[in-house]
Structure formats: structure tokens, C-alpha cells
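Before any comments, here is the structure.
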Amino acid sequence: MDRTYFINKIKELKEEKRAVILAHYYVDGLVQDVADFVGDSLELARKAREVEGEIILFCGVYFMAETAKILNPDRKVLIPYYKAGCLMADMVIAEEVEEFRKENPEYAVVTYVNSSADVKAVSDICCTSANAVKVVESVRAEKVLFLPDKNLGSYVAEKVQGKEILCWEGYCPVHQKLTVEEAERVRKKYPDAVFVVHPECRKEVRDMADFIGSTSQIVKFVKETDARKVIVGTEKGTIHWLRKLRPDVEFIPAYSEFTCDQMKMITPERVLKALEREQFEVEVDLKVAGKARRAIEKMLEV
Ligand code: 13P
Ligand code: SF4
């Protein structure tokens with residue numbers, strides 16, 4: 001799609017419909033360019049509570065738009081493509097969590113926001129990759145079930161003292177694909193580059209990194225770095241933002257196809273159609289939304 005046409009048309013529709021566009025760093029670069037705010041999961045959850053406007057057009061995967069809806073029950077929340085889901089979020093269902101809770105009442109359940117509203121509703125508190133350590137430290141229970149990401153869970157377990165942390169067997173297939181062999185290959189090719197990774201990466205890969213952080217923490221690190229080359233161990237869309245921030249730095253994806261196909265379903269064409277037709281509206285069952293909101297708001301208070 002023609003860039004100028006797209007940008008102008010979106011601007012016109014946003015004003016006409018009093019719409020706000022929120023986008024995750026992993027979506028297409030052109031979509032990021034028309035967004036009112038680009039952020040990671042935590043920043044977007046916070047923003048969703050603060051922004052004005054009648055419509056929130058959420059450019060990210062479904063659980064993110066669902067979180068925005070849960071925090072804004074009276075507003076219209078749209079997602080450009082409702083099939084854009086998160087593969088990790090699908091690795092746990094609410095019934096399994098309820099069963100675990102019944103059998104293990106001594107555990108607190110800490111749930112990564114990359115999960116469905118149903119799963120959030122049966123959790124004690126949510127977290128994102130940016131605040132997972134603080135959230136786990138904040139719970140009173142000594143035993144914690146962390147779900148669904150075993151990699152983020154093991155990262156948290158390394159940082160938190162005095163708690164027994166049990167991790168669910170879920171993972172992000174996009175970050176999991178970065179193996180030690182791939183990481184060694186790219187490090188050898190760019191020996192003078194700094195290596196940053198997301199905590200959704202495998203432990204062995206995290207152990208090779210110079211910096212570990214959520215997407216917004218990686219952005220902050222890059223903003224302040226003296227390095228001239230950075231190997232980026234997270235979804236490639238982030239590099240679009242990093243290049244705008246630091247045109248003087250060379251960015252290298254840790255592996256060539258570091259792409260979340262689900263995020264890339266949010267194309268400029270679908271974004272435009274979503275605003276024109278006011279589709280696809282995100283709905284969450286009121287009872288589920290109420291319970292999930294408690295877990296999300298508890299997180300936002302930490
Ligand atoms: P953050 O936005 O918390 O960095 O998480 C990355 C991710 O995989 C989002 O789906
Ligand atoms: Fe889910 Fe992984 Fe895609 Fe993030 S990158 S939305 S965790 S599949």
C-alpha cells in the first residue's frame with residue numbers, strides 16, 4: 001500500500017472517529033509509524049487505561065486487545081484481525097489452572113499477560129516480562145505457580161530469593177527458536193557487537209547475553225548504549241523502532257527469521273479496514289472480565 005496514502009487516510013479516520021491507535025513493537029513498521037503510542041505489553045496495558053478517545057484500535061495480538069477491553073469495558077476496542085493470537089497463550093487453559101489450584105491450594109498463581117482472559121480470571125495476579133520479578137516478589141505465598149512461560153519463569157526464579165517457583169511447560173515458539181548454536185554463530189560473526197535478549201529466550205541463550213530485558217527495557221538499553229553494533233534477541237519488528245531511535249547503531253537480528261507471524265497478521269491493509277468499518281470489536285464476558293481485571297489491576301499497582 002502507498003505509504004503517503006495510508007498515513008493520510010489513517011490520520012483522517014482517526015480524527016473523524018476519535019480513535020486512538022496503540023501498537024506493539026512487534027507489528028509491521030508502517031503500522032508502528034501511524035500509531036499514537038508504541039510500547040511493550042506493560043506500557044500498552046498502562047496506556048490503555050489512560051488514553052482518551054471513543055475507539056481504541058489495538059495493533060497487537062488478541063490477548064493484548066482483550067486486556068485493553070478488560071481495562072476499558074465501556075469503550076469500543078478493535079483489533080484489525082481477530083485471528084492474530086499468541087501461540088504461547090494457547091499453551092494453557094483455565095480448566096487446567098483450576099484443577100491445579102484445587103490440588104495445590106498453597107500455591108499463588110502468577111500469570112504472564114500472554115494468556116487468555118479466562119486464564120487471567122483464575123489467577124491471583126498478572127505480570128509482564130517487564131515486571132515479572134517484582135510481581136513474584138510481591139506475592140505473600142512462598143510457593144508460586146508461574147504460567148504459561150517456562151523461560152520467563154526460570155528467569156524470575158533466578159532473580160527471586162526465598163520462593164519455590166514452579167513453571168508451566170509453555171514457551172514462545174518465536175523466542176524458543178533462538179538456539180545456542182544460532183547465538184554462537186551470530187556472536188562469532190559480530191564479535192564487537194553487544195548481545196541483548198528477551199527473557200522469553202532459553203536459559204542457555206540468556207546466559208550468553210550482555211543484557212536481558214523486556215522489549216521496553218531493550219529499547220531503553222539501546223537508547224543509552226555506547227555500542228556501535230547490537231545483536232537483537234527478540235522479535236524483528238523491534239528493530240524498526242530501534243533504528244529510528246539510534247540511526248548511528250547497526251542492528252543485527254539474532255537469527256534471520258526472528259518474526260512472530262501472528263503479530264505480522266496486523267497488516268496496514270487490515271488496520272485501514274478496521275478503522276473504516278470499525279471492526280473487529282473485542283468482547284469479553286462480563287463475569288470473566290471482572291475477575292481478570294482484578295488480576296491485571298493488582299499487577300498495575302505493584
Ligand atoms: P513484552 O511486550 O512484555 O516485551 O513481551 C513480548 C511478547 O512476546 C509479547 O507478546
Ligand atoms: Fe506470543 Fe511469542 Fe508472538 Fe509474543 S512473540 S505474541 S509470545 S507467539
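The values are calculated or read from the model by the stated rules, or taken from the named source; none is laboratory data. Here the structure is a predicted model, which means the values were calculated and not measured. Cβ: placed from backbone, ideal geometry, glycine included. Neighbour counts: every protein chain shown. Surface accessibility is based on the protein's heavy atoms, side chains included, excluding ligands, DNA and RNA. Shrake-Rupley method; radii C 1.70, N 1.55, O 1.52, S 1.80 Å.
Worth a mention:
- Candidates LYS264, LYS220, LYS244: whichever shows maximal mean-square fluctuation once the chain is modelled as a Gaussian network with Cα springs under 10 Å: LYS244
- Relative contact order, whole percent, for the chain stands at 23, derived from Cα pairs under 8 Å and 6 or more residues apart.
- The stretch 106-223, dipole about Cα centre (Lys/Arg Cβ +1, Asp/Glu Cβ -1), debye to the nearest 20: 380 debye
- Within the stretch 1-40, backbone nitrogen closer than 12 Å to the virtual label 7 Å beyond the Cα of ARG243 toward Cβ: 29-30
- Cα shape, the stretch 205-257, gyration tensor, a/c 1.5 rule: rounded
- Highest-MSF residue in the chain out of GLU164, GLU43, GLU99 [GNM, Cα springs under 10 Å]: GLU99
- Here GLU301 sits with roughly 150 square angstrom of accessible surface, probe radius 1.4 Å.
- Cross-link table LYS143/LYS264; LYS14/LYS264; LYS163/LYS298; LYS220/LYS273, entries beyond 26 Å C-alpha to C-alpha: LYS143/LYS264; LYS220/LYS273
- For the stretch 30-109, with +1 on Lys and Arg beta carbons and -1 on Asp and Glu, the positive-most of PHE58, VAL109, VAL92 along the dipole: PHE58
- Antiparallel bridge percentage (DSSP; both residues within the stretch 136-288; nearest 5): 0 percent
- In this view, the solvent-accessible surface of VAL51, computed with a 1.4 Å probe and all protein chains in place, comes to about 30 Å².
- Kirkwood Rh, Cα atoms: Rg over Rh of the stretch 147-302: 1.02
- Highest GNM mean-square fluctuation among VAL34, VAL110, VAL119, for the chain modelled with Cα contacts below 10 Å: VAL34.
- Stokes-Einstein D for the chain, Kirkwood Rh over Cα pairs, 10 °C, 1.306 mPa s (µm²/s): 81 µm²/s
- Alpha-carbon spread of the stretch 68-152, three principal axes, descending order, Å: 41, 27, 26
- Average accessible surface area per residue within the chain, 1.4 Å rolling probe, Å²: 45 Å²
- Fraction of accessible area attributable to carbon and sulfur, the chain (%, probe 1.4 Å): 47 percent
- Given +1 at the Cβ of Lys and Arg, -1 at the Cβ of Asp and Glu and no other charges, the dipole of the stretch 63-145 around its Cα centre is 460 debye to the nearest 20.
- What you get for the chain, charging only the Cβ of Lys and Arg (+1) and of Asp and Glu (-1), is a dipole of about 540 debye around the Cα centre.
- Most simply put, the chain has about 5% antiparallel DSSP beta bridges, counting only bridges with both residues inside it.
- Stokes-Einstein diffusion coefficient of the stretch 1-138, Kirkwood radius over Cα pairs, 25 °C, 0.890 mPa s, in µm²/s: 151 µm²/s
- Helix content alone sets the calculated 222 nm mean residue ellipticity of the chain: runs of n ≥ 4 DSSP H residues at -39500 (n - 2.57) each, divided across all residues, give -12500 deg cm²/dmol.
- Kyte-Doolittle mean at least -1.0, axial Cα span of 15 Å or more - DSSP H helices of the chain: 286-301
- Shape call, the stretch 239-302: gyration tensor on alpha carbons, a/c limit 1.5: oblate
- The stretch 242-302 and the stretch 35-101 have Cα centres lying 7 Å from one another.
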